[in-house]
1. Could you list the square roots of 5 times each eigenvalue of the Cα gyration tensor of region A:239-384, that is, the equivalent ellipsoid semi-axes, sorted largest first and rounded to whole Å?
2. Considering Cα pairs under 8 angstrom that are at least six residues apart, work out the relative contact order of chain B and quote it in whole percent.
3. For every other residue with a beta carbon closer than 15 angstrom to the beta carbon of B:Arg62, add +1 if it is Lys or Arg and -1 if Asp or Glu, then tell me the sum.
4. Can you give me the long-range amide H partners of A:Ser219? Hydrogens built in the peptide plane at 1.01 Å from N, cutoff under 5 Å, separation of 5 or more residues or another chain.
5. Which parts of region B:403-430, residue by residue, lose 50 Å² or more of accessible area when the rest of the protein chains are there, as against the chain isolated (1.4 Å probe)?
6. Restricting to Cα pairs below 8 Å that are 6+ residues apart, what does the relative contact order work out to for region A:267-352? Please round to a whole percent.
7. Of all accessible surface on region B:102-159 at a 1.4 Å probe, what whole percent is carbon and sulfur?
8. Nearest 0.05, what FRET efficiency do B:Ala320 and B:Arg120 give at R0 = 25 Å with Cβ-Cβ as r?
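The values are calculated or read from the model by the stated rules, or taken from the named source; none is laboratory data. This one's a predicted model, so the numbers in the text were calculated from it and none came from an experiment. Quick reminder, even Gly has a Cβ in these numbers, built from the backbone with ideal geometry, and neighbours come from all protein chains shown. Surface areas here come from the heavy atoms of the whole protein model, side chains and all, with no ligands, DNA or RNA. Shrake-Rupley method; radii C 1.70, N 1.55, O 1.52, S 1.80 Å.
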Amino acid sequence: MTPFQLYNQQPSQIVAPTSAEALAHVLRDASSTGMAVIPWGGGTRQGLGGPPRRYDIALDMRSLADVIAYTPADLVLRVGAGATLGQVQDLLATHNQWLPWNPPLPHQATIGGLLASGATGSLRMGYGTPRDWTLAMQVALGDGRLVKSGAPVVKNVAGYDTHKLHIGALGTLGVITEVTFKVAPRPAHCQTLLAAFSSPLAILEAMNQLTQPPFQPISMVIMNGNASKANPVLHSFLTDKAPHLIMAVRFAGTAGAVGRQIRMGVAVCVEEGAHTIELSEADDSSIWQAIADDLRPTEHVLIRVGVPLSHLRTMLRSVDSIPHHRGWSTEHYLIGGAGLFYARWSVSAIADLAPALAELRAGLAPLGGYAVVEHLPVALANQQPPIDIWGPPPETLTLMRSLRHTWDPAGILNPGRYLV
Amino acid sequence: MTREMLITTLRHHLGSRYVLHRREELMLYEYDGSAMDQALPDVVVVPGSTAEVAAAMATATRLGFPIIARGAGTGLAGSTVAERGGMVVSLARLNQILQIDPQAATAVVQPGVVNTDLSRAAAPYGLHFAPDPSSQRSSTIGGNAGSNAGGPHCLKYGVTSNHVLAATLVLADGHVVRVGSAVSDTPGYDLLAAVVGSEGTLGIMTELTVRLTRNAEDVRTFLAIFDDMEVAGACVSAIIADGIIPAALEMIEGEGIAAIESWAHAGYPPDARAVLLIEIDGLREDIAAEARRIALVCQASGCRELRTASDAAQRERLWAGRKGALAACARIAPHYHILDGTVPRSRLPEILRRSAEIAAHYDLKVVNIFHAGDGNIHPLLLFDLRVPGTRERAIAAGAEILRSCVEVGGTISGEHGIGIEKREFIPWIFNVEDLSAFTDLRNVFDPTGVMNPGKLLPPPASLSSLHASQPSLRLPRRGAWI
């Protein structure tokens, strides 16, 4: 594929600024001439948001990849938004620290792109989301103003926390140029328990128990049989290759605390009728990288569903029935502790996807849930009518539009790709 | 005339009982917890529902009166002082805990719920509300959210903004919206992130969904005693650098130790130069291991003695000293100016030395009682208002200490807010373009500029000169209270 091609559209210019000031200058010019800008990091999340309405400039962020400041003793890191998460994690690891954030493809995906696209991972169960770890940002607004908010210290209430507005905004308010994170010491030990269940009720009951004290899992993911089969690393550990529901649960801390939770976790799962596999510590990081990468873009559509935790069961029943009735193959991932669920459907025609998505949203609405097309493959995007990626807008849409208009008055940033 | 119209309309919406307008009623609302700024509002309303808040706000906006939200009034930066008059909206009657969901570990509360009351209500489920500002026995969840309050245990558990999931927000014109969501990652801009910590400048929160935190299996509290303040500061940095994130890591230094001890009998050695209060919590095996590491780090750092609280009663005694620290310092001098700056943790020894030098230069006593693990310092400048000029010296010394925080890479407020007190320092950390983006945000929520005007951002030039010509604004007219 041609670099920076997006849904078969080509930019007329490719710009790779080497400083935040130069980048701001590009935006200022684009804003005054009405050129549409698509910021690019590693491109791993460009399947979110669908085709742009216009596309003139590809803004390659990867030249802004410097680590600007890192004081391990302060647990604070300041880095250019074009650095990959993997690059950052490698640096932190040399001081036995990490950013507890594990989205897919970290060695390709950039910090700025991951933040802008609201990428998270299973570690949010134990550590929260990047929103909780972002202390400060520098952002080039759509009109070319280069602004900062936050402070490079772990506690700050000066100014508005405007940096958090850019997380998940798909670059429609501004382009993130630099980020300051709070980082964490790496846990001394991490160990993972896999459990294969045949009953959906049993796995949910086990999940429920494993999130109650004394359990303190840092990650928990539940996959259906298709999903576990699609993950060769995970699949290699499963002794019984039948299509079960698989739970992966990860504990961290001292060997004593981890060991106790694993032992108790085995008891809980066995009690619920599961077959359990205790992974060795050596296998821990590779299995979780493989699980994180499960949510990478593929040729199939990926749907993200969020519901209140209290409606998890109802949601699961409803999302199961949709591909089932249509005879689609589906991979399911439930991210523990977050009420987040991902479904990858083997659907090739927009005429099939659109009513399924509408049915899904109709089922979620009374639960207070939502569904977003997390990855729209090119083949589906080029069919008519266009799919509704974001679903019904929030009631604060007017405020959001007004904010966007004030920071990106010419509407040049990722036009047509976000709900605002 | 307009004020009369305001009062009449408000009485129509809220009933006369909940519209306070007599001078003696308004005087109760003319200051916050700092007593550094005082001003009388035109009217105080005490609405009993979101609808009443909305009606009152729409009225004030229509008639052009500033709107100032107020919880318990324990703020320390003047954010709730009605500097330009206007309508104070007391949220005291909206004090119900509407729901606790033990499974999801969330609660839905009205803004007037007192911080500790929520933790008390959540206790039967093994849960608590993590933000624990020292004012927590009187300050409210709404006020905590409005000011993004901190507290000792924010070191491990994060500040208030990490614990608010959603809010019902009334905008200046009375429009009611929901910001945030208890559902993860809902599409749309994270407006809640801007609202929390906005000091009532974007709207008024009338219902909040907050995260509750599971009580830890095991807790251990230590008192580390030092003969040297900078050694204690270095020890803080060493603990963090060793990879331990305690639940809380507090420092008390200087004359404050003896003052606290004679008041609280917490067991602090009066001759110590600095003490650290270190608390760790978690699973028992983790706690045992961290306790060993803390002992090693403290020993290597040159700690005189490390004591461990052996039971809950001893732990509470150690904390009683810390939590009563402000009151105890009244024994040293009757009035104080409490500062709130943050520095990178590795710069703590330097900033402590610098604050002592600055205080000495201004001939003031300084006691540091603060969240050391976060690098969040609270130098307490002690003075006696009756001595002419000391208050002005305290303000000048305070500005210089905060300036030093910025110079070592820190900021001017870790948790108390900007309000009136620190708005003129904002340009030390944000430039004109940064401020223009903040102003844009504010205008989006409050296009007519009635929401707590003048707070949080530096005044435009015109206001600045007005401020200078009215120094009395920062002079308590009837003495500070502690």
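1. Working: eigenvalues 210, 63, 41 Å².
They are 32, 18, 14 Å, listed largest first.
2. 16
3. Numbers: positive: B:Arg3; negative: B:Glu4, B:Asp42, B:Asp173, B:Asp446.
Neighbourhood net charge equals -3.
4. Placed amide hydrogens put A:Arg250 under 5 Å from A:Ser219.
5. B:Phe430
6. Details: 65 pairs, mean separation 25.5, N = 86.
This gives 30 percent for region A:267-352.
7. On the way: 920 of 1720 Å².
Of the solvent-accessible surface of region B:102-159, carbon and sulfur hold 54 percent.
8. On the way: r = 18 Å, r/R0 = 0.71.
Efficiency, rounded to the nearest 0.05: 0.90.
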